[in-house]
Structures are given as structure tokens and as C-alpha cells.
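The values are calculated or read from the model by the stated rules, or taken from the named source; none is laboratory data. These numbers were taken from a predicted model, which means no experiment stands behind them. With ideal geometry, Cβ positions are generated from the backbone for all residues, glycine too; neighbour counts draw on all protein chains shown.
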Amino acid sequence: MNRKLLFRKDVLSWCLYDWANSAFVTTVVTVVLPIYFLTLMPAGKGPVTVELGSWSLHTNGDALWTYFTGLYMLAAGLTAPFIGAIADYSRNKKRFLCFCVGVGALLTVMLATVGTGQYLRCGLIFAAAAFLWSCGNLFYDALLPELTGVPREMDAVSSTGYAIGYLGGGLLLAVNLAMISKPGWFGFTDAGAATRGVFITVGLWWVVFSLPVLCFTREASGARSGARRGNPVVEGWRQLWSTLREIRRYRHLLRLLIAFIFYNTGIGTVITVAALYGKAELGLSDGTLIGCILMIQFVGVPATFGFMAIASRVGARNGIFIGLAVYIVVVVFAFFMSTATEFWILGGLIALVLGGTQALSRSLYGSMIPEGQSAEFFGFFSIFNKVGSFAGPLCFGVVRDLTDSSRLAILFLAVFFVIGLVVLLTVNPDEGRAVRGTP
């Protein structure tokens, strides 16, 4: 692998976007906003009635938050391939990314204006910002194949992006938690004011550290032949349907997507339910859970670079195999664990493979994408990602209800990793690259 590649200005700028957008995930999606959302409701987690015209919904705070989360995931999943096809046709991935960053960051800052009782406004602003965050990642990922066409170099670039993202997200989360716990140190009157200030820092962080990728990362101007005189929306639809008709040609890419939907469902569910499992089954404190999240962020940095080194020797597919094997160990270990110390060990195991497995999945997929259709195909990647986000927690909940055991439910997740691993065995990356013309 050409080590000078990682110090190229366009590559470093691209990697820095992971630093920029990871703060939205750690602070807004995972830790701070879900808790703040409940404080806006009249009864906290208690029952609430949402009225939309003649239709009403009787729910509680936790469930309502998941509905808003599902709303953005559904919207992003349904639109991703279409907007990706438009971006490919118009060759404006960076312009689309700029829009997502600007408006998404503005909406994130607007969360600071939400007051008590405005939980519906808060949820809608969050869903819109998260939708734009998801779309922005699509265009960002689609720029990866344009940085290098060499598969192992793509592995290195993708892994570096994930590692930098863990570091950036973890650093800002640590600062944000300090702001909330010690508001006076930062000039705030109380924790509520500090929490609103947190959303402003995330929006500014997102914008400022996105500037390098928008300014210095190249976007190929001639990836596909033919003049661009048609309407981008019409041509985007036409290209999308054409791809759906021809996608059988890319059988190894399809197999990778099928494998990805299974093992990524397992990964996403482990991350989603880990804190809930620790609190419900082990009775862990919020401080322990948040501390473990921070640990995963920072351990994930060297661990992701370690996976990059492994992939340079054994290849991306075999690197993913290693990650999936560790995940199987994780869910089996979770079934038996009973102490806070064991929960920290579990978090350490997750940290070792989380970033590396995701980074190698992104680069392996990117190395087999047909030239000139990166945004469109990463749109399909996004759909499969969102399906896993729905299916995994749903399966966990069903197994939990059927067996009356969270331990059996988390053990059941091993099924997703095993199926994903078996399907991945049928993927031949060299044949997949040959079809798209990658050397």
C-alpha cells in the first residue's frame, strides 16, 4: 500500500469528513438528544397522546423517539438510490454533500431553540437533520472510489476515515458531557442551557470540519460518457431503472449486499441494544454506560488502524471474516455476562472490530461498483443498511417477548453473523472487480 496516499491533501480532506459528521451520531443520535427529548414531554417517559387532525396516537416517550428515528431511516432508505442516480448523472456529488451539510447543521443548531412541551417539533427537526446526515454520508461514501482505484488503497483510506471519525466523535462527546455536568465552567446557568449549547457545538463542528472535503477532494468530471443535457431528475429515474434491470450482471456485488444486510443487522442491533441490555439485565448506571460508549470511541481509533493492517495482508473480505467471528464471540459472551467488569470487556471487544468491519465493508463494496455509478450504488448500500436498522431491533424484541429473556434475544443475534459469514464466503472480489473493470 502506498503510504503517501494517506497524506495527500484530497485524501486527508475526505477522511476529515468522518471527524465532522461522527459528532452528530455520538452526541445527537446516541447520547444527549434522546435524554433531552424525554425532558421536553409533560410526563417524561409516561403516556402521551399525539393528535394529527382526526388521527391520534397513544404512546410513551421512549416509543415516540423510536418513531422519529424510524421516520428518518425510512425516508433515507426509500430515496437513497434515486438521489444517488441524480448525483451521478449531474456529477454533483460534492454539491449535494454541501447542501446536506449546510441544511443539516442548521437544523442541528435549531434543536437549541426547542423548549419544554415542544417534543413534536424537536422530533421533526431531528428526523430532518438525521435524514440529511444520512444522505450526506451517501455522497461522501460515493467519493471514495474516485480517490483511488486500487482495492487495498481503498481499504486503507476507508479505515482511516472511520478511525478519525471515532476520535472526532469521542472528543466532542467528552466535551459535551463536561458541558452538561459542569455548566458553570462553560458559562451556562444550568444543565438545560448547556444541553442546548451542545447542539450548537455539534452543528458548528459539522460545518467547519466539512470544509476540507468540499474544497480539496476531487470529483471526477468524466466518469461516464455522454452529454448531460437532460433533466437530472428524469435521467436519474431512467438510470435507476436501467440499473435495476442490469444488476444481475454484478452477482458478486449482490452477494456482498446480501451478506452485508445480515451481518450489518447483527452489528447494528448489538450497538442499539447494548446500553439497554446493560441497564435492564445488569442494572448498570448511566455513568457506566456513557463511560463505555466513550471507551469504544477511543479504543476504536487504533483498532480500526489495526484492521487496516490486517486487510493489507489478508484482504478486505478475510478481514471482515475476522470481525464477524469476534462478533459471534461478543453475543455468546453477552449471554453469560453478569457484572459491570464483564460489560466493559464486552465494550472492548466491540471496539476492536466495530470500525474495522464497517470500513472494510465500505471499501470492498466500493471496489466493485460500476464506474460512474458510485452514488447510485451507495444508495443501494444505504437501503440495506437501513433495513438492518429496522429488522434487527424488531427481531430482538420478538425473541425477547417469545422467550421472556433478553439473554436469549441477544444470543439469537449470532444467527445474523453466521448467515452473513456464510454468504460472504461466496463472494469473489476479483471477479466482482473484473465485471466493473477495476484492475
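Just to check your reading of the model, which residue among LEU352, LEU421, LEU364 is buried (at least 18 other Cβ atoms within 10 Å of the Cβ), part of a helix (DSSP H, G or I), over 18 Å from the mean Cα position of the chain (by Cα) and at pLDDT 90 or above? Let's see the steps before the verdict.
Numbers: LEU352 fails: over 18 Å from the mean Cα position of the chain (by Cα); LEU364 fails: over 18 Å from the mean Cα position of the chain (by Cα).
Exactly one of LEU352, LEU421, LEU364 is buried (at least 18 other Cβ atoms within 10 Å of the Cβ), part of a helix (DSSP H, G or I), over 18 Å from the mean Cα position of the chain (by Cα) and at pLDDT 90 or above, namely LEU421.
Of the residues GLY102, GLY123, GLY84, GLY117, which is in the same structural domain as LEU214 (by TED's automatic domain parsing) and on the phi > 0 side of the Ramachandran plot?
The unique qualifying residue is GLY117.
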Which of the residues spanning the range 70-117 are surrounded by fewer than 19 Cβ atoms within 10 Å (Cβ to Cβ), polar (S, T, N, Q) and part of a helix (DSSP H, G or I)?
THR79, SER90, THR113
Only one of LEU294, LEU408, LEU324 is in contact (Cβ under 8 Å) with a residue 12 or more places away in the chain and more than 18 Å from the chain's Cα centre (by Cα). Can you tell me which?
LEU408
Can you confirm whether CYS122 is without any contact (Cβ under 8 Å) to a residue 60 or more places away in the chain, more than 19 Å from THR304 (Cβ to Cβ) and in a helix (DSSP H, G or I)?
no
Every residue in the range 143-157 that is among the charged types (D, E, K, R) and either without any contact (Cβ under 8 Å) to a residue 60 or more places away in the chain or buried (at least 21 other Cβ atoms within 10 Å of the Cβ) (or both), please.
ASP155
Over the range 175-195, the set of residues in a helix (DSSP H, G or I) and among the hydrophobic types (A, V, I, L, M, F, W, C) is VAL175, LEU177, ALA178, MET179, ILE180, TRP185, PHE186, ALA191, ALA193, ALA194
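Here is a yes/no grid of residues against (1) modelled with pLDDT under 80; (2) aliphatic (A, V, I, L, M); (3) over 25 Å from ILE296 (Cβ atoms); (4) in a helix (DSSP H, G or I):
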residue	(1), (2), (3), (4)
PHE377	yes, no, yes, yes
LYS386	yes, no, no, yes
PHE390	yes, no, no, yes
ASP401	yes, no, yes, yes
ALA409	no, yes, no, yes
PHE416	no, no, no, yes
THR426	no, no, yes, no
GLU431	no, no, yes, yes
PRO439	yes, no, yes, no
Scanning the range 171-197 residue by residue, those closer than 27 Å to VAL299 by Cα and without any contact (Cβ under 8 Å) to a residue 12 or more places away in the chain turn out to be LEU171, ALA178, SER181, LYS182
